[in-house]
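Here's the structure, in structure tokens; my notes come after.
The values are calculated or read from the model by the stated rules, or taken from the named source; none is laboratory data. Here the structure is a predicted model, which means the values were calculated and not measured. Cβ: placed from backbone, ideal geometry, glycine included. Neighbour counts: every protein chain shown.
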Amino acid sequence: MLPIPAAVQDRRAGGLDALEFSASNRYAFVKNSNLTLIAEQQITSSVRLEPVIVLMALALAAWLYYRFLMKNLSAERHRLFRGHFSNLVNHLVIGFFWFLAYEALEVFNGKPYWLEKAQVYTGLFAVIAGCIIFIKILRIIAFEYLFTTSGKAGVPLLLVNILTLITSVVMLAWIMTRIFEIQLAPLMATSALLSIVLGLALQDTLGNLFSAVALQFDKPFDLGDWIEIKNGSDKIVGQVQEVSWRSTVLLAITDEIITVPNRYMSQSQISNFAGRERPFIRSHVFRIPLDGDVPKAKAVLVETALRTEGVLRDPAPIAIVTEAADSWVAIKLVYSIHNYGSQFSISDRFLTTAVDDLRRAGITLATPRMTIDQLKSA
């Protein structure tokens, strides 16, 4: 048998020793190594009692403001706040559970490695829960501010969503840099090409988003306003229901939901009927026979308009003769209304009652007549 060189024997011995070390001391090596995904010291410095007290104080302040200073809200707003506060309480319970679990694991001295890691990840969950709770509280405070400064039945969710998005991005960046120790600056520099590609792919979406932001700052309308959108020969009329990232939702007079892209809105002429201080003027024309009692017909129409629900008494309705022909007289009844959206229902009530009142007063409406003259041939 050939002898084994000393160098080979040393390498074999070294390999066996390394194998023996790996098998027996692997647990201690992993425990003492610094190759961890999460910065444990940052978790320890973040999960403290002071941030918990601050979050509880903010939540309590938001609830007290709503409870004592916003009593005159509509039922819709109260339902919105009750839903938000209920959701906040659920997240507070979850976050407090993770905080107590972290503090409970802290009391163990000389705990095994797996228990230390369990404490680290419990702290991570507590930090994430705290960030979510802060965002929830910030949304409630934003709604309270908007509801306090707005007398409308609702406020655009776009403003609250933008605030939530910005806060969420900031919180995510803070977690990545502080907890996971990820350097975002090189990552953002290498993603410049990806940003250009996404910008070209999302051109329409980004255009609608920035148009929505411009509409919110310009504020040509509020929620609940009746507006007319005119772009060339196209005309859209409806009541503003919501302004989202992509579009503005309108409720047409015929109860149809119309979704208009914000980019189209920013390029169109917008007429706001709710912004005017004067009432809306509407009119109807009645034709009675030429031999009919015109003063009596005018008096009946004015009296009917005054009895119609939705017609304003100031300015008072008036009836005027606008045209006279060989067989009929045209009487226009002019009245004023306050709500633009109810003009068709008010018109229906008035016309139905006016026809009955004219009939009871012995006044008939003129029928079309056609006169045919026959020429005799020579």
Could you count how many residues in region 104-134 are of a type outside the set (Phe, Trp, Tyr) and either buried (at least 19 other Cβ atoms within 10 Å of the Cβ) or closer than 13 Å to SER46 by Cβ (or both)?
12
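Just to be sure before I move on: is GLU309 surrounded by fewer than 17 Cβ atoms within 10 Å (Cβ to Cβ), out of contact with any helix residue (DSSP H, G or I) (no Cβ under 6 Å at 6 or more places or on another chain) and under 23 Å from ALA330 (Cβ atoms) in the structure I sent? Working first, answer last.
Working: surrounded by fewer than 17 Cβ atoms within 10 Å (Cβ to Cβ): yes; out of contact with any helix residue (DSSP H, G or I) (no Cβ under 6 Å at 6 or more places or on another chain): yes; under 23 Å from ALA330 (Cβ atoms): no.
Criteria not met by GLU309.
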Is it true that some residue in region 295-302 is crowded, with 16+ Cβ neighbours inside 10 Å and under 29 Å from VAL237 (Cα atoms)?
no
Matching residues in region 247-259 (surrounded by 17 or more Cβ atoms within 10 Å (Cβ to Cβ) and over 14 Å from LEU223 (Cα atoms)) number 0
Got a number for residues in region 70-91 being within 14 Å of ILE140 (Cα to Cα) and assigned to a helix (DSSP H, G or I)?
14
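Could you list, in sequence order, the residues of region 240-250 that are of a type outside the set (Val, Ile, Thr) and either modelled with pLDDT under 90 or under 13 Å from the mean Cα position of the chain (by Cα) (or both)?
Just the residues of region 240-250 that are of a type outside the set (Val, Ile, Thr), to begin with: 241-242, 244-247, 250.
Answer for region 240-250, where residues must be of a type outside the set (Val, Ile, Thr) and either modelled with pLDDT under 90 or under 13 Å from the mean Cα position of the chain (by Cα) (or both): GLN241, GLU242, SER244, TRP245, ARG246, SER247.
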Working only within region 325-344, note down all residues that are at pLDDT below 90 and either of a type in the set (Gly, Ala, Ser) or part of a loop (DSSP other than H, G, I, E, B) (or both).
ALA325, ASP326, SER327, HIS338, ASN339, GLY341, SER342
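Quick check: anything in region 209-224 hydrophobic (A, V, I, L, M, F, W, C), part of a strand (DSSP E or B) and under 16 Å from SER266 (Cα atoms)? Working first, answer last.
First pass over region 209-224, keeping only residues hydrophobic (A, V, I, L, M, F, W, C): 209-210, 212-215, 217, 221, 223.
Right, trim to part of a strand (DSSP E or B) and you get none.
No, that holds for no residue.
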Of (1) in contact with an Asp or Glu (Cβ under 9 Å, 6 or more places away or on another chain); (2) polar (S, T, N, Q); (3) within 30 Å of ASP222 (Cα to Cα), THR304 satisfies every one except (3)
